[in-house]
Amino acid sequence: MRTTARWAFWRRAQYFSLFGSLALLVLVFLYFNYLYTAPTCFDGKQNGDELGIDCGGGCERICAADVNAPSVLWARSFKIADGQYNAVAYVENRNRTAATPELAYTFSLYDAQGLIVERSGTASLPPDSVYPIFEGRILTGGRIPTRTFLDIESPDVWIPTPNDRGQFTVVERTLSDADSLPRLEAVVRNNGLEEARDVEVVATIFDKERNALTSSRTLIEYFAPRTDTDIVFTWPLPIAKTVRSCEIPTDVVLAIDLSGSMNDDGGDPPQPVSSVVRAAEQFVSRMRQGDQVGLVTFATDATLDAPLTTNITAVQNMVANLSIAPKEETGSTNTGDAFARAREALESGLHNEDARKVLVILTDGRPTAPDEEPEIYALEQASSTHAAEIEVYAIGLGENVNFDFIKAIAGDDANAYQALNTADIDRIYQDITGSICEDGAAIIEIIPKIKRIDAPRG
């Protein structure tokens, strides 16, 4: 009897065990087939052998903690039209083989009153170099930005990318029409064995101190392997005035006051006109190959004595022979017409479109001609000259000269000089020569980069 009961108990235990095992297998089957999701590199969780959320271990993505954060080196904005600006910034990625396909950024443009406008976007950031971030045609509502900032967010996605800085090289570049509609032509080479698409190319022009002066962008939609392609950058406004390098030639008109007061100090030869003429002659002699020079003299009237020419020696000799006409001993000073004649010369067909336009004017007193409001007339003509993108350097001679007037016609206090005596004049002319152009080439930097770096997909 006991044997039968014991056997029945184990029999039931076996049935229950078998049933439980079958039920467990069914539950496991249902779970793995309908409920379970295997760990992936795109599930928003740290699982498997990942070192962070969806990064490290077997995942292609690199954890942000394992890379150097990118840094902004500088940001600038440049006028392209009234109320429109291009903004560019240089961002450094110090990671040798890590790139990010989505660097989120925001440009902020400010003036003295505060924030003008913000522009946000995303850009790729290849590895191991400095790359430009560019935003074009930013509208400022007529306000003029004086400060530009770029804020970048820490990228969530970093991917291993071959360090291939040599994929693109710039093999030729030519800058032309710098004082009209600037045009930079370049030839870029794809050294790679594969085609490239959507190659963004940014050109930035710097002075010799590496201060950015202007920037532009173009796009190569398709770039075949092992080929060269021609690209063009353009600007709607002249840049010759801002590019100080002596590689940019200069068209300069020298305007000299020959009114009677210029020999009031007497002497033989008369002063101060003889010292002015001698210093002006030396100024002309310092013109460089490719420069042009013209000459305007003014007293009661203004005369264009020499239109723009590359014959520097001829103008130098003309300056050396300048003197005050006897009739001007009791004449007037027509500063306004001096500006008008100089502007006509610099806007004539003789102007070199690759050159900057400069007027250097010297006078020892207030304008006294024409008869009605001569000073207002001079200021109006000076304003028209500035509007024509002509840079004006003004020298006021003597202790009694109205220096506020000199600064007003110069348009920039840095371009206004006062020569207290004749010994100052040559030094001032030498300073102006150095201001017009700086020794050393302008730096033209052209940087291509792939606009889109593909991130790994699930």
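What is the distance, in nm, between label points placed 7 Å from the Cα along the Cα-to-Cβ direction at Val72 and at Asp198?
Placing both labels 7 Å along Cα→Cβ, they lie 2.4 nm apart.
Residue separation times 0.36 nm, minus the C-alpha to C-alpha distance between Phe19 and Gln430: what's the value? Walk me through the numbers before you get to the answer.
Numbers: separation 411, 0.36 × 411 = 147.96 nm, distance 10.54 nm.
Stretched out fully, the Phe19 to Gln430 stretch lengthens by 137.4 nm.
Is it possible to state the helix-based mean residue ellipticity at 222 nm for the chain, with each DSSP H run of 4+ residues giving -39500 (n - 2.57), the sum divided by total residues, to the nearest 500 deg cm²/dmol? What is it?
On the way: 7 runs with 99 residues, N = 458.
That calculation yields -7000 deg cm²/dmol at 222 nm.
With a/c under 1.5 counting as rounded, go ahead and sort segment 159-236 into rounded, prolate or oblate using the C-alpha gyration tensor (a ≥ b ≥ c being the square roots of the eigenvalues; past the cut-off, prolate if a/b is larger than b/c, else oblate).
Numbers: a/c = 2.35, a/b = 1.70, b/c = 1.39.
Note, shape of segment 159-236 comes out prolate.
Which aspartates and glutamates have a Cα less than 16 Å from the Cα of Lys327, not counting those fewer than 8 places away in the same chain?
Cross-link targets: Asp257, Asp264, Asp301.
Quick one: ranking His386, His351 by accessible area, 1.4 Å probe, largest first, what do you get? Mind showing how you got there, number by number?
Working: His386 50, His351 25 Å².
Ranked list, largest accessible area first: His386, His351.
Among the aspartates and glutamates, which have Cα under 18 Å from the Cα of Lys79 when same-chain residues fewer than 8 positions away are ignored?
By straight Cα distance, Lys79 reaches Asp111, Glu118, Glu135, Asp177, Asp179, Asp207, Glu389, Glu391.
If you line up the long axis of helix 423-436 against the longest principal axis of the chain, both from Cα atoms, how many degrees apart are they, to the nearest 10?
30 degrees
In debye to the nearest 20, how big a dipole does the chain give about its Cα centre with +1 on each Lys and Arg Cβ and -1 on each Asp and Glu Cβ?
3980 debye
Output the lone cysteines of the chain: those with no second cysteine's C-beta under 4.7 Å from their C-beta.
Cys with no partner Cβ under 4.7 Å: none.
Please enumerate, by chain and number, the aspartates and glutamates with C-alpha under 17 Å from the C-alpha of Lys208, excluding those fewer than 8 residues away in the same chain.
The reachable aspartates and glutamates, counting only those whose Cα sits under 17 Å from Lys208, are Glu247, Glu438, Asp439, Glu445.
Need one number: nm distance between label points at Ala112 and Val130, each 7 Å from Cα along Cα→Cβ, rounded to one decimal.
So the label points at Ala112 and Val130 sit 3.1 nm apart.
Quick one: if you stick a label point 7 Å off each Cα along the C-beta vector at Ser176 and Gln289, how many nm between them?
Placing both labels 7 Å beyond Cα along the Cβ direction yields 2.1 nm.
Take each of the peptides 418-431, 239-252, average the number of other beta-carbon atoms within 10 Å over its residues, and list them starting from the highest. Each step should come with its number before you reach the end.
Values: 418-431: 16.4, 239-252: 21.6.
Going by the mean number of other Cβ atoms within 10 Å, highest first, we get 239-252, 418-431.
Sorting Asp291, Asp49 by accessible area (1.4 Å probe), largest first, what list results? If you can, show how the numbers build up before the last one.
Working: Asp291 15, Asp49 100 Å².
Sorted descending by solvent-accessible area, the residues read Asp49, Asp291.
Order 134-146, 99-111 from most to least packed using the mean count of other Cβ atoms within 10 Å. Don't skip to the end; give the middle numbers.
Numbers: 134-146: 15.0, 99-111: 19.5.
Packing order, densest peptide first, comes out as 99-111, 134-146.
Compute the acute angle (0 to 90°) between the alpha-carbon long axis of helix 273-285 and the principal axis of greatest extent of the alpha-carbon atoms of the chain; round to the nearest 10°.
40 degrees
Using only Cα atoms, find the angle between the long axis of helix 2-30 and the longest principal axis of the chain, and express it within 0 to 90 degrees, rounded to the nearest 10.
20 degrees
Is the shape of the chain rounded, prolate or oblate, going by the alpha carbon gyration tensor and its root eigenvalues a ≥ b ≥ c, with a/c under 1.5 for rounded and a/b larger than b/c for prolate?
Values: a/c = 4.74, a/b = 3.49, b/c = 1.36.
Note, shape of the chain comes out prolate.
The values are calculated or read from the model by the stated rules, or taken from the named source; none is laboratory data. All values reported here derive from a predicted model rather than from experimental measurement. A quick note on method: Cβ atoms are made from the backbone with ideal geometry, for glycine too, and the neighbour counts reach across all protein chains shown. Remember, those area values only see protein heavy atoms, side chains included, never the ligands or the DNA or RNA. Shrake-Rupley method; radii C 1.70, N 1.55, O 1.52, S 1.80 Å.
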